[in-house]
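Undergrad: Right, I'll just put the structure down here and ask away after.
The values are calculated or read from the model by the stated rules, or taken from the named source; none is laboratory data. None of these values were measured; they are calculated from a predicted model. Quick reminder, even Gly has a Cβ in these numbers, built from the backbone with ideal geometry, and neighbours come from all protein chains shown. We work out accessible area using only protein heavy atoms, side chains counted, and drop any ligands, DNA or RNA first. Shrake-Rupley method; radii C 1.70, N 1.55, O 1.52, S 1.80 Å.
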Amino acid sequence: MEAQYTRVIDGRVVPVAGEWAIDGLHSSVAFTARHLLTAMRGRFREVCGTVTITEDPKNSRVEVRIAAASIDTTHPKADEHLRGPLFLDVERYPVLTFSGSGAHPAGGELWDVAGELTVRDVTLPMVLSTRFLGAVRHPHLPMAKMSFEATASLRRDDFGVAGYLETHAPGLPDVVLVGREVEIRLDVEADLHLPERE
């Protein structure tokens, strides 16, 4: 009989219990912010961590570490500014972290995962609106793979990332050069290692 890597709790499909390691090669932490009137998009290329699923999903935990210097907007000059002291200041604060505990049912297929995000030296609460996409066995390796997507929003100046908030050009109205609001999207694949015989 083929092993199952999902289960149903209170009518909702969830992954089996275990410690799932985030697969950084197949996961994405992306963001969108305004530059004047245009949406500027980017991602962090280096992410790792664990998702610990417990028998009761409400007790589950997630730990994520993101290399701040791995930010990539495809614009080298913008990336240089974003790594600098006015923004992420990666020399002093090389890692962004998210630590979450508990997954609570929200509307439809969504779960709310509450936790704390640390950017630079500021830690603030954040809720990830999360959708579980399923879990299957890898066809060639002794592991199961699960996937989920999550979204959140934040104000970057709440974390001390306050560079280029406004311009004060002579004779022109003040404008926000880089938007305060940042939309976050996570697309995560995580691995559960299995006994060779399973």
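Undergrad: Rolling a 1.4 angstrom probe over the protein heavy atoms, how many square angstrom per residue are accessible across the chain? Don't jump to the answer; show the numbers that get you there.
TA: Numbers: 11270 Å² over 198 residues.
Normalised by residue count, the accessible surface of the chain is 57 Å².
Undergrad: Oh, and also: Would you mind telling me the share, in percent, of accessible area of the chain contributed by carbon and sulfur at probe 1.4 angstrom? Walk me through the numbers on the way to the answer.
TA: Numbers: 6340 of 11270 Å².
Carbon plus sulfur share of accessible area: 56 percent.
Undergrad: Next question, about the same structure. Using a Förster distance of 41 Å, how high is the FRET efficiency between Leu25 and Arg180, based on the Cβ-Cβ distance and rounded to 0.05? Could the numbers behind the result be given before it?
TA: Working: r = 32 Å, r/R0 = 0.78.
According to the calculation, E is roughly 0.80.
Undergrad: As an exercise, use a Förster radius of 30 Å and the Cβ-Cβ distance of Glu63 and Val13 to find the FRET efficiency, rounded to the nearest 0.05.
TA: Values: r = 23 Å, r/R0 = 0.78.
E(calc), rounded to 0.05, equals 0.80.
Undergrad: Follow-up question, since we're still on this one. Any idea what the dipole of the range 41-198 comes to, in debye rounded to 20, about its Cα centre with Lys/Arg Cβ at +1 and Asp/Glu Cβ at -1?
TA: Values: 18 positive and 25 negative charges, 37 e Å.
Charge dipole of the range 41-198: 180 debye, to the nearest 20.
Undergrad: For Val178, which sequence-distant residues (separation of 5 or more, or a different chain) have an amide H within less than 5 Å of its own amide H, given hydrogens modelled in the peptide plane?
TA: Those qualifying (amide H under 5 Å, at least 5 residues apart or on another chain) are Leu36.
Undergrad: With +1 assigned to the C-beta of every Lys and Arg and -1 to the C-beta of every Asp and Glu, and no other charges, what is the dipole magnitude of the range 85-164 about the Cα centre in debye, to the nearest 20?
TA: Details: 7 positive and 9 negative charges, 62 e Å.
The calculation lands at about 300 debye.
Undergrad: How high is the relative contact order of the chain, given as a whole-number percent (alpha carbon pairs under 8 Å, six or more residues apart)?
TA: RCO, the chain: 23 percent.
Undergrad: So, one more: So what are the ³J(HN,Hα) numbers for the range 125-141, from phi and the Karplus equation (6.51, -1.76, 1.60; θ = phi - 60°), rounded to whole Hz, Gly and Pro as x?
TA: x, 8, 10, 8, 7, 10, 10, 7, 9, x, 8, 9, 7, 5, x, 10, 10
Undergrad: I would also like to ask the following. Run the simple label-point estimate for Glu109 and Thr6 please: 7 Å along Cα→C-beta, distance reported in nm.
TA: 0.8
Undergrad: Got a sec? Charge dipole of the chain, +1 on Cβ for Lys and Arg, -1 for Asp and Glu; which of Met143, Ser70, Ser60 is way out at the positive end?
TA: Among Met143, Ser70, Ser60, the one farthest towards the positive end of the dipole of the chain is Ser70.
Undergrad: Could you give each residue of the range 92-102 its phi-based ³J(HN,Hα) in whole Hz, using Karplus coefficients 6.51, -1.76, 1.60 with θ = phi - 60°, and x for Gly or Pro?
TA: Taking θ as phi minus 60°, the curve returns 8, 10, x, 10, 9, 10, 10, 10, x, 9, x Hz for the range 92-102.
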